[in-house]
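The block underneath contains the structure these notes are about, expressed in structure tokens.
The values are calculated or read from the model by the stated rules, or taken from the named source; none is laboratory data. In this text the structure is predicted, and so the values were computed from the model without any measurement. Using ideal geometry, Cβ is built from the backbone for each residue, glycine included, and neighbour counts are taken over all protein chains shown.
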Ligand SMILES: [Zn+2]
């Protein structure tokens with residue numbers, strides 16, 4: 001297996017190819033845009049254009065030797081870094097080696113299974129030790145062309161508990177890039193990058209794809225029932241990586257479908273007449289570890305948006321189309337008003353802050369359900385509780 005060719009983004013490709021041909025493609029780029037939309041894929045496409053033996057006016061040929069090596073993630077001058085879980089029990093020089101073998105193992109996994117959901121799951125970061133490896137590669141002469149360094153999810157260079165050292169080490173490279181080295185950073189949250197890194201890279205926005213492009217992508221790369229492909233494309237918000245996250249993983253729910261359903265239960269409990277459902281949901285969370293909570297809260301916000309859209313009579317704005325009739329039922333039976341749903345968003349932001357501060361997830365979730373109830377099911381001005 002090798003990487004599938006890049007999907008969509010035709011206009012962006014055309015302008016990048018023109019700039020490259022004219023010698024004006026900046027040597028430090030920051031690709032930003034929604035999660036799972038294909039930013040790292042786009043970075044790899046630019047890297048292929050740089051190493052390609054016979055680039056066309058539209059970009060890399062994707063068939064010459066260097067392009068094939070790049071598509072197999074085996075090109076010696078394309079260096080792709082991304083966040084990794086911290087290897088257990090390693091520090092100093094050992095951490096450098098352990099992270100590099102973890103990166104190689106992950107590249108082998110991607111080679112074997114290039115279609116991957118953009119779900120987070122475990123806690124990852126880009127450690128200083130990985131940037132040390134990047135620096136030493138950058139100080140060597142390229143084997144064939146380039147080199148190109150890709151740093152995916154670059155905002156993870158500043159994980160909450162770590163010092164900004166990794167980001168500063170990268171900054172030094174961006175300030176004085178050795179030889180013809182190019183750097184392509186990607187981020188779905190560029191506001192989290194150090195301002196000094198932002199100011200040394202040229203931003204390029206990678207937008208969401210049309211829903212039908214995501215559908216084409218799913219249908220051409222996976223053997224899916226068309227009903228399932230359409231369902232995932234509807235939920236994708238224009239991101240192939242997000243669409244993949246909803247698809248079942250063997251007998252398990254997809255890595256994004258599980259938190260989406262959990263978030264639905266939270267929204268349903270918060271709007272129910274009987275408050276006890278909220279206690280049961282909170283108790284189903286572990287007493288420690290914030291793993292996955294931030295994804296979950298993102299989905300709670302999406303459900304609130306959908307609930308608010310239905311309450312405002314704007315059904316066409318509902319993202320979770322598969323739940324439209326349930327949402328209409330809740331809004332009708334539970335007398336939900338759009339204005340109170342809008343007030344509920346602050347509760348999610350509060351829960352997110354608590355989760356970042358490592359508060360017990362059971363407490364965070366029970367507090368969230370209680371706060372959401374308070375906002376959505378508040379007494380109406382006549383004093384009667386709806
Ligand atoms: Zn080529």
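Data for the structure
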| item | result |
| --- | --- |
| Selected residue (only one of 63, 24 is without any contact (Cβ under 8 Å) to a residue 12 or more places away in the chain and away from the ligand (no atom under 16 Å from the Cβ)) | 24 |
| Single match in 215, 185, 222 (criterion: surrounded by 15 or more Cβ atoms within 10 Å (Cβ to Cβ), touching a helix residue (DSSP H, G or I) at 6+ places or on another chain (Cβ under 8 Å) and not assigned by TED's automatic domain parsing to the domain that holds residue 133) | 215 |
| Members of region 249-269 found to be buried (at least 19 other Cβ atoms within 10 Å of the Cβ) and outside any helix (DSSP H, G or I), listed by number | 254, 255, 256 |
| Which listed residue, of 73, 95, 84, 128, is within 16 Å of the ligand (Cβ to nearest atom) and surrounded by 15 or more Cβ atoms within 10 Å (Cβ to Cβ) | 73 |
| Residue among 107, 115 that is modelled with pLDDT of 90 or more, surrounded by fewer than 20 Cβ atoms within 10 Å (Cβ to Cβ) and closer than 22 Å to residue 241 by Cβ | 107 |
| One residue from 274, 306, 249 being out of contact with any strand residue (DSSP E or B) (no Cβ under 8 Å at 6 or more places or on another chain) and at pLDDT 95 or above | 306 |
| Check on residue 204, under 25 Å from residue 3 (Cα atoms) and in a loop (DSSP other than H, G, I, E, B) | no |
| Among the candidates 312, 272, 280, residue that is in contact (Cβ under 8 Å) with a residue 24 or more places away in the chain, surrounded by fewer than 20 Cβ atoms within 10 Å (Cβ to Cβ) and closer than 28 Å to residue 354 by Cα | 272 |
| Of all residues in region 44-58 being closer than 19 Å to residue 213 by Cβ and at pLDDT 95 or above, the one that is nearest to the ligand (Cβ to nearest atom) | 45 |
| Residues within region 231-248 that are surrounded by fewer than 16 Cβ atoms within 10 Å (Cβ to Cβ) and part of a helix (DSSP H, G or I), tallied | 0 |
| Residues of region 143-159 satisfying the condition of being in contact with a strand residue (DSSP E or B) (Cβ under 9 Å, 6 or more places away or on another chain) and either farther than 20 Å from residue 40 by Cα or at pLDDT below 90 (or both) | 146, 155, 156, 157, 158, 159 |
| So residue 227, is it loosely packed, with under 14 Cβ neighbours inside 10 Å and not in a loop (DSSP other than H, G, I, E, B) | yes |
| Any hit, region 225-233, residues being touching a strand residue (DSSP E or B) at 6+ places or on another chain (Cβ under 7 Å) and either in the same structural domain as residue 372 (by TED's automatic domain parsing) or more than 30 Å from residue 147 (Cβ to Cβ) (or both) | no |
| Options 30, 44, 3: the member that is closer than 27 Å to residue 218 by Cβ and touching a strand residue (DSSP E or B) at 6+ places or on another chain (Cβ under 8 Å) | 44 |
| Of the criteria (1) assigned by TED's automatic domain parsing to the domain that holds residue 180; (2) in contact with a helix residue (DSSP H, G or I) (Cβ under 9 Å, 6 or more places away or on another chain), which one residue 15 fails | (2) |
